[in-house]
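Structure first, commentary second.
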Amino acid sequence: MTMWGMKHLLIVSVFVLLARCQQKPQVTVSPTLKQIFSGDLIFLSCDNSGSSVKWYVDSQEQQQTNKIWKIGVASPRHSGSYQCESNGQKSDKVSINVLDYVPTASLTIKIGQPVVQTGGSVVLQLDNEDGLQGWKCWVYRGKRPEGTKRIALRLKNDSVSVDFQSKSLEIPETVFWCSDNGQGRSNQVIIRTSEKEISLEMYPFPAVVGESLSLRCLAWGTNQIRSTVFYKNNTVLRGNDSPTHKIPEVTESTSGSYRCNAIFKHKAHTDGPLSNVTSDDQDVFVQLPPMRAFLSANTGMSCSCPKCPNEKSFRWYYKKPDEPWALMDSGKNFMKPKEGGTYACRAVWASGRTLLSNSHVHRPIITSILIGVIVVVVILFLVVVLIYRYYKKRNTTGPIYEDMPLRSQDKGDDQYEGLQMGAQREGEYDTLNPEAPGREKKEGQYEALKKEGMTSGEYDTVKMEGAVGGESGYEALKKEGMKEGVYHTLGMEGAEGGGRV
């Protein structure tokens with residue numbers, strides 16, 4: 001090669017180097033999606049840049065300084081124009097619009113966990129109520145030479161659901177989703193890997209503000225976990241025997257980095273110490289609730305969505321106890337259910353749909369009337385029981401026994417009258433002292449015993465001291481006219497006209 005040729009190559013190399021140095025940075029979004037829905041995971045990369053960059057959203061500088069900006073859960077607040085700056089040069093603006101609703105199809109984990117051991121696999125299930133003709137699925141493994149790869153599906157002409165298994169998962173984070181040839185798309189499912197025996201498991205979709213979230217410490221190959229400790233951002237949340245930590249109501253402050261520590265033992269390991277392992281950190285991302293339909297019930301049930309596009313339609317769902325939601329035939333915003341059960345609805349259109357509405361439990365009119373009658377009967381029965389107990393208790397507090405008086409001045413001689421304390425009537429009760437003032441003896445009443453003719457000491461009675469006109473002391477009963485050995489009792493005379501007893 002001549003000297004001129006060598007100089008020419010050197011000049012070309014310098015120009016290439018200068019061109020690279022002067023090339024503007026460029027913002028790229030991955031994975032490549034037709035639409036970005038609320039809850040999607042996306043990466044913003046500042047290509048053709050140095051190690052340190054500046055990020056701008058709507059011309060406002062952000063705190064991000066890394067070449068790759070990870071947005072774990074996209075939401076409408078992430079919409080805007082993005083650009084990055086490196087070596088004093090700014091990239092062109094890239095517009096991002098995050099939709100405030102969910103995709104038309106659903107992708108879920110059928111077999112497996114959101115965190116698997118390195119080299120493991122999962123089985124995913126794709127469902128679309130409008131059919132899967134023309135649908136395909138994709139896998140994104142980060143910015144690698146293979147990039148985004150297509151997954152072939154075995155579909156039937158009338159398929160509305162299909163399963164497929166992932167290949168061996170070797171990298172820390174893999175993203176799956178599905179789409180059709182038009183605007184249809186599913187949600188993403190993110191599978192993470194770990195080399196440890198313990199993993200922190202959670203619901204595979206982002207946590208939603210206002211809903212609950214469960215975190216579980218899982219030990220591979222055993223459920224004999226003795227104790228667990230959960231951490232958030234290196235701070236202890238809770239430690240006890242349960243392998244689950246539940247957050248009753250998610251707020252935006254719930255987001256953070258979580259991990260768990262577990263003390264456990266495998267069944268096959270009868271000897272040796274217990275295992276004590278801490279899981280890898282897992283990021284919990286929180287999103288605001290996407291668009292939701294509203295169900296109202298009066299004479300029938302109505303479904304509404306004021307924020308939805310005008311070309312929307314409505315779908316109704318029915319749920320039996322311990323069964324999943326089932327799609328119904330009705331497609332209008334109003335319906336009258338024919339049977340009792342739990343109902344919900346959602347709005348749908350070409351590119352998306354809302355979350356399921358609030359649920360409503362419908363009871364047929366006959367059932368409602370029957371329930372009302374049963375309630376009334378039960379209430380009346382309780383009232384009768386209470387009244388019965390009240391009167392029974394009230395009657396048992398009065399006199400249990402009644403004495404028969406000598407005579408009844410108000411009701412006739414043949415009637416009974418209860419004796420009342422402190423209300424003696426004249427002539428009915430006599431003392432053994434007939435000489436008391438105002439107590440002269442009347443015919444048919446008691447007769448006081450006389451002491452004439454009785455020897456002292458033979459028969460003594462005790463006379464109450466202090467009676468009106470009475471005398472104190474003992475009096476001997478006379479035995480005049482009495483035969484020896486004969487004892488007389490004090491006979492009680494009956495009412496007027498009656499004989500002695």
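The values are calculated or read from the model by the stated rules, or taken from the named source; none is laboratory data. Everything numeric in this text was worked out from a predicted model, so none of it was measured. Neighbour counts are summed over all protein chains in view; Cβ atoms, including those assigned to glycine, are modelled from backbone coordinates with ideal geometry. For the accessible areas, the whole protein counts, side chains as well, though only heavy atoms, and no ligand, DNA or RNA atoms are used. Shrake-Rupley method; radii C 1.70, N 1.55, O 1.52, S 1.80 Å.
Descending by average beta-carbon neighbour count within 10 Å, the peptides 211-218, 318-325 line up as 211-218, 318-325, the highest first. Too long at a 21 Å Cα-Cα cut-off: which of Lys232/Lys265; Lys34/Lys67; Lys136/Lys320; Lys70/Lys143? Check vs 21 Å cut-off fails for Lys232/Lys265; Lys34/Lys67; Lys136/Lys320. For region 21-121, the share of accessible area belonging to carbon and sulfur comes to 42 percent (1.4 Å probe, ligands and nucleic acids excluded).
Over region 300-364, accessible surface divided per residue gives 58 Å², non-protein components excluded, 1.4 Å probe.
Please work out whether region 81-238 counts as rounded, prolate or oblate from its C-alpha gyration tensor, where a ≥ b ≥ c are the square roots of the eigenvalues and a/c under 1.5 means rounded, while otherwise a/b larger than b/c means prolate and anything else oblate? Oblate is the answer for region 81-238, as a/c is 1.5 or above yet b/c matches or exceeds a/b.
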